[in-house]
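A.B. asks: Pasting in a structure now, in structure tokens, and then I'll have a few things to ask.
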Amino acid sequence: IPRGLDEAVVRRCLAREAQTLIQLSQVQRWVHSVFFGGGTPSLASPLTIAAVLETVSQCARLAADAEVTLEANPTSAGASRLAGFRAAGVNRLSIGIQSVDDAELQLLGRDHTADEALRTLEEAKKLFPGRTSIDLIFGLPGQSVASWARGLERLLQLCDDHVSLYQLTLERGTSLFKLVQQGALPTPEQDMLAEMYEVARRMLQDAGFRQYEVSNFARNGALSTHNLSYWQGSQYIGIGPGAHGRFVPRGSGASLREARIQTLEPDNWMKEVLAWGHGTRKRVAQNPLDVLEEILALGLRTDVGIAHQHWLQFAPSLSLWDAFGASEEVKELEDQGLLLLDHRGLRCSWRGLAVLDSLLPTLLNQLQGGKGLSRHMQTTPSRQNP
Ligand SMILES: *[C@@H]1O[C@H](CO)[C@@H](O)[C@H](O)[C@H]1NC(C)=O
């Protein structure tokens, strides 16, 4: 809820926009997950969360075991608030811990301390046992591999069954960016960043976690349904200021997916929702190649990669073998032990997953330049399930 706006009005707008977009999309058949994220949704009241869920279950079929995740930061998520969110229907929590070093948290401009982060984690684990995830950041200017490993070690003693790792990107306009530019803090070296990532995935593996995606680790099967279905290219609607969505519009005879972005400025978004039922700022029809590029880039982020059957749902007449089987470059990546194309499908090896960004250009190139792509792609892909 953006500051200065009346939460009751925002709540009505969120519900209204959810209703409109569900009706415009094919998402109404089944909803398997709901994700409250972006900004700090834990600042909203549980009433708002409940209202959105209520709308979803009125307009669509919300599966009984649907995953309902809330992103929370340690300061806005005291124990009583967390209990309120659970009562409202949230059944999975993702906490933006980022670091357990107060100096690092300050550098990141976070207003929580390491103690608060750990206390929130404790409380969350009681309320959402097995369904509490933590976000961590590495690659802070001045951070060493050893200090990163120490912080992670500590968290591995305390965390639940899901961990997400992000490498810091220095964004223009932040004070951290300025400090680095002025030379007050060192720019993290590429080699060191790669080592931090490598050290972390090994520590997580030793602690029983499966790396099921480039940045995500789970044990005891605690994979996130929501994010998995995103990496598999399922349809979703996005509601609220600046939200993104991807779906095949209903009716209209169209069978192509559209990418949608909702208006970013909260007060404009509200006016649009009140006037038209939704605040979609941009609609881009994705052509078949766009969709396949997305399926490829997202699917390869997961450890299971892209299964043949899955790919054929989007490219009924261009199999993975057709697209990549004859390529010398792809063969080379296989020989280097980075990529596998076999009876299961196409996927990265453990080593390949760490360097996915450097593999993708070759694969995308192959897909775009693929002989007979236009011949193969006459049928438009569409997917029915949300
Ligand atoms: C999961 O999906 C949500 C919503 O699409 C996104 O905001 C979040 O960053 C994703 N989390 C991970 C760990 O990728």
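The numbers here are math on the coordinates, done by the rules we state, and not lab data. Note that the coordinates shown come from a computational prediction; the quantities given were computed from them, not determined experimentally. Backbone-built Cβ (ideal geometry, glycine too); neighbour counts: all protein chains shown.
A.B. asks: Ranked from highest to lowest mean number of other Cβ atoms within 10 Å per residue, what is the order of the peptides 321-332, 67-78, 152-163?
C.D. replies: Highest mean packing first, the order is 67-78, 152-163, 321-332.
A.B. asks: Can you work out D for region 28-229 in µm² s⁻¹ from Stokes-Einstein, where Rh is the Kirkwood radius over C-alpha pairs, the temperature is 37 °C and the viscosity is 0.692 mPa s?
C.D. replies: Diffusion coefficient, whole number: 184 µm²/s.
A.B. asks: When N counts the residues of the chain, how does its alpha-carbon radius of gyration compare numerically with 2.2 N^0.38 Å, as a ratio? Intermediate values should be presented prior to the final figure.
C.D. replies: On the way: Rg = 21.8 Å, N = 386, 2.2 N^0.38 = 21.2 Å.
For the chain, the normalised Cα radius of gyration comes out at 1.03.
A.B. asks: May I pose another question? List every residue whose amide H lies under 5 Å from the amide H of Ser349, counting only residues 5 or more places away in sequence or on a different chain, with H placed 1.01 Å from N in the peptide plane.
C.D. replies: Under 5 Å from the amide H of Ser349 lie the amide H atoms of Leu339, Leu340, each far enough along the sequence or on another chain.
A.B. asks: Let me ask you something else. Using a 10 Å cut-off on Cβ atoms, rank the peptides 349-360, 178-189 from the highest mean neighbour count down.
C.D. replies: Numbers: 349-360: 15.2, 178-189: 12.8.
The peptides rank, most packed first, as 349-360, 178-189.
A.B. asks: Can I ask one more? What FRET efficiency, computed as 1/(1 + (r/R0)^6) with R0 = 56 Å and r the Cβ-Cβ distance, is obtained for Glu153 and Asn268, rounded to the nearest 0.05?
C.D. replies: Calculated value: 0.75.
A.B. asks: Expressed in nm to one decimal, what extension gain is obtained for the pair Arg281 and Asp322 from 0.36 nm per residue of sequence separation less their Cα-Cα distance?
C.D. replies: Extra length available between Arg281 and Asp322 comes to 11.0 nm.
A.B. asks: Restricting to Cα pairs below 8 Å that are 6+ residues apart, what does the relative contact order work out to for region 28-229? Please round to a whole percent.
C.D. replies: 18
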